[in-house]
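Please read the structure below before turning to the comments.
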There are 2 protein chains.
Amino acid sequence: MLSTTARTTLGRSKERGSTDRNDLYEVLDTGMICHLGVIVNGHPMVIPTGYGRAGETLYLHGSTGATSLRAADGNEVCVTVTHLDGIVLARSIFNHSVNYRSAIIYGRARLVADHDERMEGLRVLSERLAPGQWDYARRPSRKELAATAVLALSLEEASVKMRSGGPKDEEEDYELPVWAGVLPLVTSWGEPEPDPLLPEGIATPVHILHRE
Amino acid sequence: MLSTTARTTLGRSKERGSTDRNDLYEVLDTGMICHLGVIVNGHPMVIPTGYGRAGETLYLHGSTGATSLRAADGNEVCVTVTHLDGIVLARSIFNHSVNYRSAIIYGRARLVADHDERMEGLRVLSERLAPGQWDYARRPSRKELAATAVLALSLEEASVKMRSGGPKDEEEDYELPVWAGVLPLVTSWGEPEPDPLLPEGIATPVHILHRE
């Protein structure tokens, strides 16, 4: 079960809420970019960034000098991951909607100091964005590690919202001669584009060529 | 030119910044979902929501009771729109990246009271999510309008960041027998799915069937 603190208890559209942790994991484990919300000089700042999950912890990373990471360390943050699945076309403008899956996580971010946890955080981050690369590309050097800040955020306080299916129209609108339904949004991988500087004879690895 | 206040002047990766307003418009006018950052009880909250642009103003909307909109009204907010275009696979984990286009807008949100501006805000919002529907589906009724809050945010203070192209690796890594390049992420429309409650004889309109 997800927590039900005041801010993760949904005020509106309760039927779109989920308290199933598997839904939370599914939303996080199929996304690639989150939006990190922090407070800088008293004002909100929302930054797109990669993330990874290990068990009940979300990991973020960035340059040690990045404003957003410095603002997050030790402070309350909000991390949101959103998948847009389709546009819901209703008979009225008012009932137009989107099909989506989103997760919102609240908590105090913590700068990770322990070497092993930092490596694990970077591994899950890397594997979320580019599965298979951690064991294929060159691992971070000591110097590269020193330039990288890794932040941890507990998944304890999280909420999931989803919508799927067709439009819900007003009773009287069903008579209108207006098409209604869903226009699905499909995300897929294109053909891998080799770096022009790649020497001949290095084939595209299967984990890139056949990424799901 | 985009403004260059302290928070929109990029600290890192300056070469990824753009000060061209056309880039800002392009990022906004090709997205469908933004992430709205507000402060609620002293803590950041990041909510995915639709938006629309009319000239130099961004419009957001929601239920009059929504926590995020009430927190935004009259206060400093941050709105971020992000397109993920591909995964940049480098020879080292450290130099992995993503190709993306993102816009970040800061400003004080204003609840729109004027009827005509509210309608214009709702129109551009609707047309961003579902182009062609404003003139096709039933327009909002007085009751529906009363239940809808429309927020305006000036585009005055905005920044755009983009990355495209292949990986940039460390000099010594180019010798490694590691494939490098870009795996593009492609977003497209699926086949329209008609509402099962649709009467026979209502064809899918061209603006839905052939949406770009």
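The values are calculated or read from the model by the stated rules, or taken from the named source; none is laboratory data. Computed from a predicted model, the values in this text were never measured in an experiment. Positions of Cβ are generated from backbone atoms using ideal geometry, with glycine treated the same way; all protein chains shown enter the neighbour counts.
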| field | Failed item, numbered, when A:Ala147 is tested on (1) among the hydrophobic types (A, V, I, L, M, F, W, C); (2) within 11 Å of another protein chain (Cβ to nearest Cβ); (3) farther than 30 Å from A:Asp73 by Cβ | value | (3)
| Qualifying position, being at pLDDT 95 or above and more than 30 Å from A:Gly190 (Cβ to Cβ), among B:Ser68, B:Ser141 | B:Ser141
| field | Qualifying position, being closer than 16 Å to A:Gly31 by Cα, modelled with pLDDT of 95 or more and not in a helix (DSSP H, G or I), among A:Ala113, A:Ala103 | value | A:Ala103
| query | Of all residues in segment B:114-167 being over 20 Å from B:Ser102 (Cα atoms), of a type in the set (Lys, Arg) and under 20 Å from the mean Cα position of the chain (by Cα), which is surrounded by the fewest Cβ atoms within 10 Å (Cβ to Cβ)? | reply | B:Arg123
| note | For segment B:58-67 the number of residues that are surrounded by fewer than 20 Cβ atoms within 10 Å (Cβ to Cβ) and either closer than 23 Å to B:Asp116 by Cα or small (Gly, Ala, Ser) (or both) is 4
| field | Lone qualifier among B:Val160, B:Val178 - being aliphatic (A, V, I, L, M) and within 7 Å of chain A (Cβ to nearest Cβ) | value | B:Val178
| B:Phe94 fails exactly one of the following numbered conditions: (1) farther than 30 Å from A:Arg139 by Cα; (2) within 7 Å of another protein chain (Cβ to nearest Cβ). What is the number of that condition? | (1)
| task | Filter segment A:70-92 for residues that are over 20 Å from A:Met32 (Cα atoms), surrounded by fewer than 21 Cβ atoms within 10 Å (Cβ to Cβ) and not polar (S, T, N, Q) and give the result. | result | A:Arg70, A:Ala71, A:Asp73, A:Gly74, A:Glu76
